[in-house]
Amino acid sequence: MGKRLALALAALVLLVRVAAHALGLGNMTMNSALNQPLDAEIELLSVQRGDLGNLSVRMGTDEDFERVGVIREFFYTGFKFVVVKKPNGDPYIKVSTSKPIVEPFLDFVVEARWARGRILREFTVLVDPPALSEE
């Protein structure tokens with residue numbers, strides 16, 4: 001019994017270590033406001049050498065939205081996802097639109113694929129109105 005438990009724990013530790021090194025999608029930072037074209041950043045976590053070379057990011061499919069119980073709004077088709085690097089070399093996903101966002105609440109699913117895997121992540125974002133300027 002003790003050997004089985006030790007083997008199970010060892011396997012669990014290996015799985016956790018493998019999962020810890022898998023690419024992940026972190027928080028989303030909004031750089032735009034309501035009634036402006038979307039300008040946001042999604043942080044990339046645990047990026048390994050070679051992950052960025054074939055990383056593709058897009059809006060989730062209708063099935064992905066259905067799986068998480070989210071309605072896929074038509075205007076989500078205008079979202080663009082591009083992997084870029086900050087001046088310090090850290091990669092992130094730039095999310096943008098050419099048209100202004102008029103919905104104050106966004107709830108969507110992002111899919112990232114690379115050679116070693118695939119990940120889906122739901123993002124729920126409140127789009128704040130622009131700050132009023134002082135007169």
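The values are calculated or read from the model by the stated rules, or taken from the named source; none is laboratory data. What you see is a predicted model, and the numbers here were worked out from it, not measured in a lab. Cβ coordinates were reconstructed from backbone atoms using ideal geometry, including for glycine residues, and neighbour counts include every protein chain displayed. For accessibility, only protein heavy atoms count, side chains too; no ligands or nucleic acids. Shrake-Rupley method; radii C 1.70, N 1.55, O 1.52, S 1.80 Å.
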#### Entry: Solvent-accessible heavy-atom area per residue, rounded to whole Å², over segment 51-135 at 1.4 Å
66 Å²
### Task
At a Cα cut-off below 18 Å, give the aspartates and glutamates reachable from residue 86, other chains included and same-chain residues fewer than 8 away excluded.
39, 41, 43, 51
### Accessible area (Å², 1.4 Å probe, nearest 10) - residue 71
120 Å²
### Query
How far apart, in nm, are the 7 Å Cα→Cβ label points at residue 77 and residue 120?
2.0 nm
### Query
Ignoring ligands, DNA and RNA, how do 28, 59 rank by accessible area with a 1.4 Å probe, largest first?
28, 59
#### Entry: Kirkwood-based Rg to Rh ratio, segment 20-83, C-alpha trace
1.00
